[in-house]
Every structure is written in structure tokens, then in C-alpha cells.
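Here is the structure we will look at, set down as C-alpha cells.
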Amino acid sequence: MKKIFLAAAAAFSAIVFPACSTVEPGPLRVATFNIRVPVDKGVNAWEERLPRIHKIVADNNFHVFGIQEMFRKSQHATLNSFPGFKRVDGNNPAYQDLAVYDVIFYRPERLELLDQGVFALSETPDVPKSKSWNTNLPRETTWAKFRDKSNGKVFFLYNTHLDHRSVVARRKGTDVNLAHINANAGDLPAILLGDFNAQTHTDVYKKIIAHLNDSQKITEAPAAGPYNTYTGYNRKPGAGAHLDYIFVSPGTRVLSYRVIDTLVDGQFPSDHYPVMVEIELK
């Protein structure tokens with residue numbers, strides 16, 4: 001009788017709490033990765049770089065990450081789904097023909113997607129693909145609202161790519177991002193990541209850190225990897241610039257920060273290094 005009771009109890013537990021054994025505990029691993037549009041030739045051609053990108057993602061076991069410079073024509077099919085990840089692109093049909101766009105990938109065993117969207121970095125954010133401030137192409141931010149299954153905490157994640165040409169567009173685009181975070185995230189934790197095309201001395205950076213923390217500055221473990229995140233395929237010390245960031249809401253613990261400068265078979269996955277943090281949400 002006792003064995004029957006225990007077996008029944010185990011079966012009941014498996015039915016009522018089916019996800020408990022599959023949710024990985026511990027810090028949330030978050031990353032940003034500009035994968036570079038497919039315009040290069042030779043060893044840096046897209047077909048050569050794609051396996052390297054997949055290896056970087058697989059080896060570092062991200063829970064959620066944002067990609068910038070995803071080029072629809074040649075990259076959409078091959079990056080539509082990384083093994084083990086689901087994809088967030090904002091779920092807005094008006095953006096489906098955008099040539100270059102930003103995507104979020106997440107592991108469904110760790111995170112539950114609650115909501116998603118996309119908005120233009122322009123004077124009219126609700127008008128899809130709208131441009132302002134002398135940008136050379138439409139700029140947008142993709143966002144997602146998640147629940148962390150390991151602890152039940154709900155948070156927002158924003159993946160952005162500010163304009164590379166117009167200083168005004170970067171400033172104004174930052175205002176749009178911060179306004180959306182303030183209006184929608186409210187008191188919930190928020191993560192703003194991506195390629196900001198701005199270094200730490202700029203107004204863009206100063207605007208952001210008035211509201212959010214730069215994870216590189218508050219990491220509890222020493223920051224790992226090189227300082228610069230953009231390389232232009234150049235490994236020389238000091239080459240490139242620090243353009244890629246992961247900003248977090250005040251109160252979020254950053255346990256570790258790393259610029260992943262790993263080469264694959266001696267070659268670059270992209271002209272940017274991915275950035276990864278391990279965090280605990282407040």
C-alpha cells in the first residue's frame with residue numbers, strides 16, 4: 001500500500017509541477033550580438049561566418065540574446081531559429097519586408113514570452129518603418145516581455161540599433177527608447193541592449209545612464225575580455241570602439257560581464273564581438 005501511495009504521489013507531482021525539473025536555476029544569461037550584414041567576401045563572407053555565429057551562441061549557452069543587422073534576404077532562413085531558441089521579431093506584419101532588422105531569441109524552457117512589439121526610432125514611433133533626423137534607413141527597436149520560469153520574475157527586454165550616421169538620430173532615438181521603457185515597463189525590470197553606435201563620452205550614453213546602469217560598470221566579477229566591442233575584423237590592441245552595451249534597471253545585480261572575443265578556427269564570427277552578462281533581476 002505504501003509503495004502504491006508513493007507511486008501515486010509521484011505521478012500527481014509530475015502532473016501538477018511538470019516544468020519544475022526542466023527549469024534551469026541560477027543567473028539569467030543575456031547577450032547582444034551585431035552579426036554584420038552579408039556584404040563581405042572571402043573568409044568574412046556570410047556563408048563562412050554563419051557556422052561561427054552558431055558556435056558562439058551554442059558554446060556560451062545564452063538564455064536570451066538580441067541580434068542586430070539581420071538581413072532578411074540571405075540571413076532570415078538560416079537564422080530563423082537557432083537550435084533550442086524561439087524568435088521574437090515584434091509580430092508586426094508591417095515590418096515583414098524590412099531589409100535589415102533586429103531580433104530577440106530566447107530559450108522557452110527558461111523564459112515565457114508574455115508580450116512583444118516593435119516601434120520605429122522616429123518622430124512617429126507607431127508608424128512602421130518611419131524615418132526622421134536624417135537616418136539613411138529605417139531604425140527600429142524590438143521588445144519583449146518575459147517571465148523567468150526559474151523565479152517568476154517579469155521583465156522587459158529591448159533590442160535596438162541606433163543610427164550610425166546621424167548624431168541627432170542617435171540622441172532622439174535614445175529619447176524614444178527611454179520613453180517607451182518608462183511608459184511600458186513601469187516598475188518592472190528592463191534591459192536595453194544592442195549596438196548604440198556611441199561611446200561613453202557621448203550624450204547618448206549620458207542620457208541612458210541617467211535612467212539605467214551600464215552592466216560593464218557594475219559587474220561584481222571583473223569585466224572579462226577586451227574593452228572595445230566593434231573590431232572591423234581587426235585584432236590589434238585598441239582597434240575599434242566600444243559601441244555595444246547591455247543596460248539594466250537599477251537594483252539588477254550584474255554578476256559577470258564578458259566581451260566574447262573568441263575566434264572560430266582563427267576567424268571572426270562578425271565585425272562586432274558579442275557581449276554577455278549574467279544577471280539577477282530585482
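The values are calculated or read from the model by the stated rules, or taken from the named source; none is laboratory data. As the structure is a prediction and not an experimental result, all values here were calculated from the model. In this analysis, Cβ positions are derived from the backbone assuming ideal geometry, glycine residues included, and neighbour counts consider all displayed protein chains.
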* To do: Determine which single condition ASP244 fails, assuming it passes every other condition in (1) under 17 Å from GLY26 (Cβ atoms); (2) crowded, with 16+ Cβ neighbours inside 10 Å.
  => (1)
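Among residues belonging to the stretch 57-66 that are surrounded by 14 or more Cβ atoms within 10 Å (Cβ to Cβ) and either at pLDDT below 95 or part of a helix (DSSP H, G or I) (or both), point out the one that is farthest from the chain's Cα centre (by Cα).
ASN60
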* Structure fact -> Note on ILE260: of the conditions (1) under 22 Å from ASN61 (Cβ atoms); (2) surrounded by 20 or more Cβ atoms within 10 Å (Cβ to Cβ); (3) touching a helix residue (DSSP H, G or I) at 6+ places or on another chain (Cβ under 8 Å), unmet is (2)
* Out of all the residues in the stretch 85-103, which are in contact with an Asp or Glu (Cβ under 8 Å, 6 or more places away or on another chain) and outside any loop (DSSP other than H, G, I, E, B)? -> TYR95, VAL100, TYR101, ASP102, VAL103
* Which one of these does PRO222 not meet: (1) in a loop (DSSP other than H, G, I, E, B); (2) under 23 Å from PRO51 (Cβ atoms)? -> (2)
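Restricting to strands (runs of 3 or more DSSP E) lying wholly in the stretch 126-201: which have 1 or more residues that are of a type in the set (Gly, Ala, Ser) and either modelled with pLDDT of 95 or more or out of contact with any strand residue (DSSP E or B) (no Cβ under 7 Å at 6 or more places or on another chain) (or both)? Don't jump to the end; show me each part of the working.
On the way: elements: 140-148, 154-161, 190-195.
Of the strands (runs of 3 or more DSSP E) lying wholly inside the stretch 126-201, those with at least 1 residues that are of a type in the set (Gly, Ala, Ser) and either modelled with pLDDT of 95 or more or out of contact with any strand residue (DSSP E or B) (no Cβ under 7 Å at 6 or more places or on another chain) (or both) span 140-148, 190-195.
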* To do: Name the single residue, out of those in the stretch 88-114 being acidic (Asp, Glu) and in contact with a helix residue (DSSP H, G or I) (Cβ under 9 Å, 6 or more places away or on another chain), that is surrounded by the fewest Cβ atoms within 10 Å (Cβ to Cβ).
  => ASP97
* Number of the exception - ALA185 against (1) at positive phi; (2) surrounded by 17 or more Cβ atoms within 10 Å (Cβ to Cβ) -> (1)
